[in-house]
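The values are calculated or read from the model by the stated rules, or taken from the named source; none is laboratory data. Nothing here was measured: the structure is a model prediction, and the numbers come from that model. Heads up, the Cβs are rebuilt from the backbone with ideal geometry, glycines too, and the neighbour counts pull from every protein chain shown. Side chains included, ligands, DNA and RNA excluded: accessible areas come from the protein's heavy atoms. Shrake-Rupley method; radii C 1.70, N 1.55, O 1.52, S 1.80 Å.
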Amino acid sequence: MNRRDLIKNLATICGVAAANSMVSMPALASAKAFGEKQSGKSPTLFSGDNLAILRQICALTIPATDTPGAAEVNCHLFIDHQLSTVYSSEQQQSAINVMSAIDLASEEINKQSFVNADKTSQLALLSMLEASKAPFSETLRSDFKTIKGLIVFGYYTSQIGATKELTYLAVPGGFKGSVPLTAVGSAFSSKAYY
Amino acid sequence: MNKETYIEESSETYDAIVIGSGITGGWAAKELTEKGFKTLIIERGRIVEHRKDYISEGKPPWEYANRTKVDKELVDEQFAIQKQCYAFHDGTKQFFGNDKDYPYTTKTGTEFSWIRANQLGGKSLLWHRQSYRMSPFDFEANKLDGHGNDWPIRYNDLAPWYEYVEKFVGISGTSENLPQLPDSVFQPPFEMTKPEKDFAAKMADAEPDKPVIISRCAHLTKPEKVHVDLGRMQCMARNECQKGCSFGAYFSTQSATLPAAAKTGNLFIAPNSVVESLIYDDTTNRVKGVRVIDNDTLKQREYFGKIVFLCASTLGSTQIMLNSTSKTFPKGIANSSGVLGQYLMDHNYNALVTASIDGYEQEYYTGRRPASLYVPNFHYEPSRYHEKFKRGFALAGSASREDWQSMGTRDGFGASFKNMLHNPGKWGIGLQAQGEMLPRQDNQVTLHSSKKDKWGIPQLHINCQWSENENLMMQSALEVASSMMEKAGFHNIQKRILGQPPGLAIHEVGTARMGRDPKDSVLNGFNQSHDVPNLFVTDGASFCSTGVGNPSLTFMAMTARAVDYAVKEVKSGRL
């Protein structure tokens with residue numbers, strides 16, 4: 001019997017409290033699912049250099065604080081996976097182009113590759129990209145926002161992002177229209193649709 | 001379900017055959033079996049067992065191959081139409097039809113998105129569960145403004161049947177005593193959030209003809225014995241209903257009508273049986289059975305029954321009737337009028353207005369509410385029509401706090417960015433129109449002259465478009481919703497026309513309409529064929545107009561009423 005069968009059986013017998021306690025058990029990831037702990041996985045879309053750039057962008061966007069950050073849950077590998085399986089070849093190429101443009105701009109402005117630049121220079125460059133300041137075009141900015149959306153999506157749908165950084169309620173037990181934010185403590189990660 | 005319930009070959013003549021097992025077919029089967037009729041449900045799709053076959057229920061996003069998104073090659077190959085439905089994702093795709101298997105054509109220059117759910121339970125597993133009675137005005141609209149034919153029934157004919165089905169289904173909501181939106185028998189309502197409550201209070205003063213109420217939905221908030229006896233429980237506010245619900249908290253065939261029918265011992269189900277046509281006996285002028293093609297083996301077989309309830313969905317039922325030709329009915333069974341296939345309607349959801357709400361920073365909520373805000377139609381009779389269009393619309397939406405899904409592409413990096421997403425964002429509100437579509441003869445389905453599906457059944461050819469009336473109505477809905485938001489003091493009001501083709505409200509109705517006159521309608525006021533007395537069509541095909549509300553509750557009430565009538569006719573010897 002797997003965890004979900006347990007939930008179903010418990011739901012029928014005991015209801016919400018028991019069902020919720022089952023959800024907090026360690027996840028039994030399905031074989032195909034992208035695993036946030038698969039750090040050794042080799043990329044299918046990005047070159048090694050581009051993956052390193054992407055990993056650093058993940059780390060700069062959602063860093064480790066008192067909870068792990070996007071790089072720690074392998075968002076860069078998730079994005080490689082997700083672009084390969086869910087996105088069009090045009091979108092895949094746009095993502096690769098963004099990495100190349102970032103590296104090229106870093107060579108021009110910082111006289112070194114993006115991953116070798118210091119963190120302040122890296123952040124300055126990404127901020128220029130978000131503002132579509134030269135040498136970055138509006139198209140590059142827009143394509144970068146797609147990647148940023150994927151970083152955020154990948155992080156907050158990971159187990160750590162969903163359950164440690166935010167509040168995950170698999171079985172809320174009902175709807176309450178007014179509760180103080182302090183009673184919840186953070187935003188909810190769980191949604192019906194993504 | 002017991003194994004004995006499922007049959008494959010049978011030479012028996014059943015008391016009744018029900019084609020389809022969605023909301024309508026489930027109700028027909030429940031009512032017929034409870035009245036002692038040995039009943040066979042014919043379902044084109046596979047068996048879906050309650051609980052056991054809800055394969056993605058409770059699955060957190062990180063366990064999906066692509067975090068709930070569907071592989072693009074699979075989408076392109078099999079779900080090009082179905083993906084347009086808001087509820088389509090990796091956890092629900094098993095309940096959507098495979099577009100490759102269910103081809104249809106549309107007239108050049110027109111679009112229609114036909115959402116399919118071909119399995120035991122049909123769309124009752126996928127529906128949005130919002131449940132409203134049609135009003136006395138809805139049943140009179142065609143007669144009063146001259147669009148479409150007059151409904152052969154009035155609200156009072158259906159009112160006791162609404163009450164009857166509501167007690168069994170469980171509809172949460174509030175009694176409002178509004179003329180245009182009759183109250184149901186209610187389970188306790190879902191709560192509003194604080195900004196929603198304040199919005200409703202402000203509108204009660206500023207726009208007294210546009211009350212803001214909580215929507216009415218088929219969720220148990222306080223189960224009663226009739227529900228508990230079927231294994232149904234209180235809604236947990238997961239709002240992941242379309243994956244299936246083991247709590248049985250929302251009404252579906254699986255959670256409610258099927259177990260009730262099975263309890264009688266009179267229920268039999270023939271799954272994987274694609275109905276090709278109805279078998280018509282011209283010596284008796286009756287449908288004597290149903291010709292089906294096996295879903296998997298493509299072998300043909302037949303089932304026989306004394307009466308037939310066609311509940312295969314609006315377009316599914318119509319396709320079967322059009323394909324059931326005989327010497328008597330060369331244009332499709334029960335189609336002496338020639339209107340079969342005509343007057344296709346859907347609801348128009350194309351107007352969306354959103355805004356931001358200041359304040360309420362310490363206010364939050366828990367749970368994912370399956371209900372919304374609802375502003376009932378205020379153009380509900382000709383004297384209240386807008387000068388530029390006929391009929392009206394409702395508004396539905398909700399106020400909630402922004403989160404990573406809407407804020408995730410904002411500028412910024414690092415701990416401050418992460419911290420911004422750690423907390424819920426500003427409150428926002430959205431209101432979307434649900435507009436009535438006029439019945440128009442031009443909007444119709446026919447059988448394609450040459451193209452067939454893999455079962456050898458002619459494909460449906462759909463010609464359906466919004467008219468100027470619907471487009472003007474959506475423009476007005478934008479103004480109404482934005483004006484309400486302005487009066488409420490909301491900011492950043494954004495108006496959008498979504499441009500969706502008909503079909504995506506998944507409220508398709510018409511195409512085998514009721515009527516008083518057999519010359520311009522297919523069914524009488526009891527959903528009975530004018531031409532072939534033992535044939536009943538009780539799904540949305542029977543509608544003469546859409547009304548404004550979501551139609552499923554009316555399918556249920558009409559079906560229960562039609563069964564009551566049919567059984568009386570059989571027992572009296574008239575049928």
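Roughly how crowded by other chains is peptide B:243-250, in terms of the mean Cβ count from those chains within 10 Å of each of its Cβ atoms?
On the way: counts 1, 1, 2, 9, 7, 2, 1, 0.
Neighbouring Cβ atoms belonging to other protein chains average 3 per residue here.
Suppose the Debye formula is applied to equal point scatterers at every Cα of the stretch B:364-478; what is log10 I(q)/I(0) at q = 0.22 Å⁻¹?
-1.15
Treating only the Cβ of Lys, Arg, Asp and Glu as charged (+1, +1, -1, -1), what charge dipole size does the protein assembly as shown show about its Cα centre? Round to the nearest 20 debye.
Here the size comes out at about 1120 debye.
Please give the charge dipole size of the stretch B:3-571, origin at the Cα centre, charges +1 on K and R Cβ atoms and -1 on D and E Cβ atoms. Round to the nearest 20 debye. Intermediate values should be presented prior to the final figure.
Values: 65 positive and 67 negative charges, 128 e Å.
With Lys and Arg at +1 and Asp and Glu at -1, about 620 debye.
List the residue ranges in chain B for DSSP H helices whose C-alpha atoms run 24 angstrom or more along the long axis and whose Kyte-Doolittle average is 1.0 or above.
Details: long enough: B:468-487 (29 Å, -0.39); B:552-571 (28 Å, 0.37).
Both cut-offs are met by no helix.
Between chains B and A, what is the buried accessible area in Å², counting both sides, with a 1.4 Å probe and ligands, DNA and RNA left out, to the nearest 100? Can you show the working numbers first?
Numbers: alone 23110 and 11320 Å², together 28200 Å².
By this definition, chains B and A bury close to 6200 Å².
What is the local net charge at B:P211, summed over the other residues whose Cβ is closer than 15 Å to its Cβ (Lys, Arg +1; Asp, Glu -1)? The partial results should precede the final answer.
Details: positive: B:K197, B:K202, B:K210, B:R216, B:R384, B:K487; negative: B:E176, B:D183, B:E196, B:D198, B:D205, B:E207, B:D209.
Summing Lys/Arg as +1 and Asp/Glu as -1 gives -1.
Just to check, using Stokes-Einstein with a Kirkwood Rh over alpha carbon pairs, what's the diffusion coefficient of the stretch B:3-571 at 25 °C and 0.890 mPa s in µm²/s? Write down the numbers at each step before the final one.
Values: Rh = 24.3 Å.
Once the numbers are plugged in, D ends up at 101 µm²/s.
Given the stretch A:112-174 reduced to its alpha-carbon atoms as identical point scatterers, what log10 I(q)/I(0) does the Debye formula return at q = 0.29 Å⁻¹?
Each listed q maps to, in turn, -1.09.
Pull up the cross-link candidates among the aspartates and glutamates for A:K41, meaning alpha carbon to alpha carbon under 13 Å and not fewer than 8 places away within one chain.
A:D80
With runs of 4+ DSSP H residues as the only contributors, calculate the mean residue ellipticity of the protein assembly as shown at 222 nm using -39,500 (n - 2.57) per run, divided by the residue total and rounded to the nearest 500.
Numbers: 20 runs with 231 residues, N = 769.
Result for the protein assembly as shown, helices only: -9000 deg cm²/dmol.
Just to confirm, what accessible area per residue do you get for the protein assembly as shown at 1.4 Å probe, in whole Å²? Working shown, then result.
On the way: 28200 Å² over 769 residues.
About 37 Å² of surface per residue is accessible.
Please list, by residue number, every one of the GluC sites (Glu not before Pro) in the stretch B:355-430 that is coil in DSSP and has at most 10 other beta-carbon atoms within 10 Å. Before the final figure, lay out the partial values.
Details: sites: B:E361, B:E363, B:E387, B:E402; in loops: B:E361, B:E387, B:E402.
Counting only loop positions with at most 10 other Cβ atoms within 10 Å, the GluC sites (Glu not before Pro) in the stretch B:355-430 are B:E387.
In the stretch B:374-533, carbon and sulfur make up what percent of the accessible area (probe 1.4 Å)?
Working: 2750 of 6190 Å².
Here it works out to 44 percent.
On the protein heavy atoms, probe 1.4 angstrom, tell me the percent of accessible surface of the stretch B:257-354 carried by carbon and sulfur. Kindly include the intermediate steps, with their values, before the conclusion.
Details: 1540 of 3210 Å².
Its accessible area is 48 percent carbon and sulfur atoms.
List the residues of the stretch B:187-203 whose accessible area drops by at least 50 Å² when all protein chains are present, compared with their chain alone, using a 1.4 Å probe and counting only protein heavy atoms.
In the stretch B:187-203, residues shielded by partner chains: B:E191.
Measuring from centroid to centroid over Cα atoms, what is the spacing of the stretch A:127-168 and the stretch B:266-301 in Å?
A separation of 54 Å, based on Cα centres.
Count neighbours as other Cβ atoms within 10 Å of each site's Cβ, and list the trypsin sites (Lys or Arg not before Pro) in the stretch B:336-407 that are DSSP loop with at most 14 such neighbours. Spell out each step's value before the answer.
Working: sites: B:R368, B:R384, B:K388, B:K390, B:R391, B:R401; in loops: B:R368, B:K388, B:K390, B:R391.
Here the sparse-neighbourhood loop sites are B:K388.
Per Stokes-Einstein, at 37 °C and 0.692 mPa s, what whole-number D in µm² s⁻¹ belongs to the protein assembly as shown, with the Kirkwood radius over Cα pairs as the hydrodynamic radius?
Numbers: Rh = 27.6 Å.
The estimated diffusion coefficient comes to 119 µm²/s.
Take every DSSP beta bridge with both residues inside the protein assembly as shown and express the antiparallel ones as a percent of the total, to the nearest 5. Please report the intermediate quantities before stating the final value.
Numbers: 54 of 79 bridges.
Expressed as a percentage, antiparallel bridges in the protein assembly as shown total about 70.
DSSP beta bridges in chain B, what fraction antiparallel, as a percent rounded to 5? Walk me through the intermediate numbers first.
Working: 51 of 75 bridges.
Around 70 percent of the beta bridges assigned by DSSP in chain B are antiparallel ones.
Averaged across the residues of B:44-51, what count of C-beta atoms belonging to other chains lies within 10 Å of each residue's C-beta? Provide the component values of the computation, followed by the final result.
Details: counts 0, 0, 0, 0, 0, 0, 1, 5.
Mean number of neighbouring Cβ atoms from other chains: 1.
Using the Cα centre as the reference, give the magnitude of the dipole from point charges on the C-beta atoms of the stretch B:157-297 (Lys, Arg: +1; Asp, Glu: -1; all else neutral), rounded to the nearest 20 debye. List each step's numbers first, then the result.
Numbers: 15 positive and 19 negative charges, 97 e Å.
Charge dipole of the stretch B:157-297: 460 debye, to the nearest 20.
Take every residue in peptide A:56-64, count the Cβ atoms of other chains within 10 Å of its Cβ, and give the average of those counts.
Numbers: counts 0, 1, 0, 2, 3, 6, 8, 5, 2.
Taking the mean over all residues of the peptide, I get 3.
How much net charge surrounds B:P223 when only other residues with a Cβ under 11 Å from its Cβ are counted (Lys, Arg +1; Asp, Glu -1)?
Details: positive: B:K222, B:K225, B:R232; negative: B:E224, B:D229.
Charge balance in the 11 Å sphere: +1.
Please list B:K38, B:K519 in order of solvent-accessible area, largest first, computed with a 1.4 Å probe with all protein chains present.
Numbers: B:K38 65, B:K519 160 Å².
Reading off the accessible areas and sorting them downward yields B:K519, B:K38.
What does the charge count around B:W466 come to, taking other residues whose C-beta lies under 11 Å from its C-beta (Lys +1, Arg +1, Asp -1, Glu -1)? Can you show the working numbers first?
Numbers: positive: B:R440; negative: B:E111, B:D346, B:E468, B:E470.
The answer is -3.
Output the residues of the stretch B:56-70 meeting this criterion: accessible area (heavy atoms, 1.4 Å probe) in the chain alone minus accessible area with all protein chains in place is 20 Å² or greater.
Those are B:E57, B:G58, B:K59, B:P60, B:P61, B:W62, B:E63, B:A65, B:N66, B:R67, B:T68, B:K69, which lose 20 Å² or more relative to the chain on its own.
Using Stokes-Einstein with the Kirkwood hydrodynamic radius over Cα pairs, what translational diffusion coefficient do you get for the stretch B:135-190 at 4 °C and a viscosity of 1.567 mPa s, in µm²/s rounded to a whole number?
Numbers: Rh = 12.6 Å.
My calculation gives 103 µm²/s for D.
How large a share of the accessible area of the stretch B:196-243, in percent, is made up of carbon and sulfur atoms when the probe is 1.4 Å and the other protein chains stay in place? Mind dumping the intermediate values first?
Details: 980 of 1870 Å².
Carbon and sulfur: 53 percent of the exposed surface of the stretch B:196-243.
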